[in-house]
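The values are calculated or read from the model by the stated rules, or taken from the named source; none is laboratory data. Just so it is clear, the model here is predicted, and its values are computed rather than measured. Don't worry about glycine lacking a Cβ; one is built from the backbone with ideal geometry, like all the others, and counts go over all protein chains shown.
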């Protein structure tokens, strides 16, 4: 069996908000929300892929931190690629730049109270429970 392909997502957290990105493609998921990121390339670590993908998709530089939750299997992608595929979410710190929707319809900062109001892609939903308390610990004092 071929090695598992890791798709990384970025949980970019700032002042108790997390950045969400609205998919433009493919048409079947257009308008749904996800954590920005993408597939790791051969020889690339999850952290390296996250930095590259955030630069390409958002025009920003991030510093990857710890993994949030467990890897989530992506059987619908694995079936097309004939190899196991998982989604891995990493918390990331915004180092420079202002996130822009370079490959998405939109990006927006989401509070823990509004997190579950978005129409998330199914693979991203399992991370929401672990993310909510993390966002609350990073909220700015009123």
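Within region 72-83, restricting attention to residues that are surrounded by fewer than 17 Cβ atoms within 10 Å (Cβ to Cβ) and touching a strand residue (DSSP E or B) at 6+ places or on another chain (Cβ under 7 Å), which residue is modelled with the highest pLDDT? My answer is 73. Of the listed requirements (1) surrounded by 12 or more Cβ atoms within 10 Å (Cβ to Cβ); (2) in contact (Cβ under 8 Å) with a residue 24 or more places away in the chain; (3) in contact with a strand residue (DSSP E or B) (Cβ under 7 Å, 6 or more places away or on another chain), residue 95 misses just one: (1).
Residue by residue, here is whether (1) touching a helix residue (DSSP H, G or I) at 6+ places or on another chain (Cβ under 6 Å); (2) within 21 Å of residue 116 (Cα to Cα) holds:
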position	(1), (2)
25	no, no
36	yes, yes
40	yes, no
50	no, no
56	no, no
61	no, no
68	yes, yes
72	yes, yes
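Only one entry of 100, 136 meets the criterion of being out of contact with any strand residue (DSSP E or B) (no Cβ under 9 Å at 6 or more places or on another chain) and exposed (fewer than 15 other Cβ atoms within 10 Å of the Cβ), and that entry is 136.
State all residues of region 4-23 that are part of a loop (DSSP other than H, G, I, E, B) and either farther than 14 Å from residue 115 by Cβ or within 13 Å of the chain's Cα centre (by Cα) (or both); if no residue qualifies, say none. Give the steps one after another, and end with the answer.
Pass one, region 4-23, residues part of a loop (DSSP other than H, G, I, E, B): 4, 15-16, 23.
Of everything in region 4-23, those that are part of a loop (DSSP other than H, G, I, E, B) and either farther than 14 Å from residue 115 by Cβ or within 13 Å of the chain's Cα centre (by Cα) (or both) turn out to be 4, 15, 23.
Across region 67-87, not a single residue is classified as part of a strand (DSSP E or B) and within 15 Å of residue 107 (Cβ to Cβ). Of the residues making up region 112-129, those that are touching a helix residue (DSSP H, G or I) at 6+ places or on another chain (Cβ under 7 Å) and assigned to a loop (DSSP other than H, G, I, E, B) number 2. Being modelled with pLDDT of 95 or more and either under 10 Å from the mean Cα position of the chain (by Cα) or not in a helix (DSSP H, G or I) (or both) is the requirement here; does residue 47 meet it? Against the criterion (modelled with pLDDT of 95 or more and either under 10 Å from the mean Cα position of the chain (by Cα) or not in a helix (DSSP H, G or I) (or both)), residue 47 does not qualify. No other residue among 98, 52 is modelled with pLDDT of 95 or more, more than 22 Å from residue 128 (Cα to Cα) and in a loop (DSSP other than H, G, I, E, B) apart from 98.
Only one of the numbered conditions (1) closer than 16 Å to residue 68 by Cα; (2) modelled with pLDDT of 95 or more is violated by residue 16, and that is (2).
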